[in-house]
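Everything below concerns the one structure shown next.
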Amino acid sequence: MDLKTNTVVDIQLVQSNEVGSSFHMEKEGLKRSLTLLDARGVTLDCIVTDCHPQIQKFLRKSKFTHDVSLMEKRILKKLEKISKLKGCEKLQKWMRSIKNHMHWTAASSATGPERVAKWTSIINHIQDIHTHEDPHFPQRQHPLHQTRDKRKWLSAGTPALNKLKKLLMNKRTLKDVAKLSPHHQTSSVEAFHSVILRFAPKNVLSISWNAVQTLPGCHVL
């Protein structure tokens, strides 16, 4: 989908037995679409996709970015589990802030190092620390507010902070944060997929293209 016009420019249908397993289907579908677009003379400005490991490896030399909402769901799902552990209950109060912080990090950053610096600053913020060692983001950009609930701050060395650090600052997470899309997201194409699946579930091979092309706002080329 062209994310500037919400126009579906190509659809690839891949069966798992074509590529060995379902794990390889996303990469094969992307390769076919990129081959088609290249043959038609289409020049891509950037590619916004999810965090699928094979897609990342395939696009390593390309200008690509990750969808924020998909990464957000993955992080918050793990954070929800951690917050239910003994000694980690305070994390419940920070889930919304962490979600907002991820979107702000993506939207307000121009480079990968800046995104990582802003993202990791959340660890200091939840300890009521608002200056940071990373030169890409040395201090907060918002006015300092006096909190009404001082019990929500986390303390160094506590199980809650240690587990949060492990989740938010591990190598994979920081690598994904550096590639967060600052503008476009995949929500439009995900919505399109959900409509398609109502008419043609994944275990059905045939798609009525006439039905697809008559859907509001969908122009399949």
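Each reported figure results from applying straightforward, stated rules to the coordinates on display, with no laboratory input. Predicted model only: the values in this text are computed from it and were never measured. Neighbour counts are summed over all protein chains in view; Cβ atoms, including those assigned to glycine, are modelled from backbone coordinates with ideal geometry.
Summary of computed values
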read-out	value
Calculated from backbone phi, Karplus (6.51, -1.76, 1.60) coupling profile of the stretch 25-41 in Hz, x at Gly/Pro	5, 4, 4, 5, x, 5, 4, 5, 5, 5, 5, 5, 5, 5, 5, 8, x
Simple spin-label estimate for Ser194 and Arg74 in nanometres, 7 Å along Cα-Cβ	2.0 nm
Relative contact order %, the stretch 1-136, counting alpha carbon pairs below 8 Å whose residues are six or more apart	12 percent
Contour minus Cα-Cα distance for Ser22 and Lys81 (0.36 nm per residue)	18.5 nm
Cut-off under 5 Å, modelled amide H: who pairs with Val48 long-range	Thr65
Fully extended contour minus Cα-Cα distance, from Asn100 to Thr131, at 0.36 nm per residue	9.2 nm
Out-of-range pairs (alpha-carbon distance over 23 Å; input Lys4/Lys57; Lys90/Lys150; Lys57/Lys99; Lys84/Lys152; Lys118/Lys171)	Lys4/Lys57; Lys57/Lys99
Range of Cα positions in the stretch 1-68 per principal axis (Å), largest first	33, 24, 21
Equivalent ellipsoid semi-axes, the stretch 70-133, via Cα gyration tensor eigenvalues times 5, rooted, Å	22, 15, 8
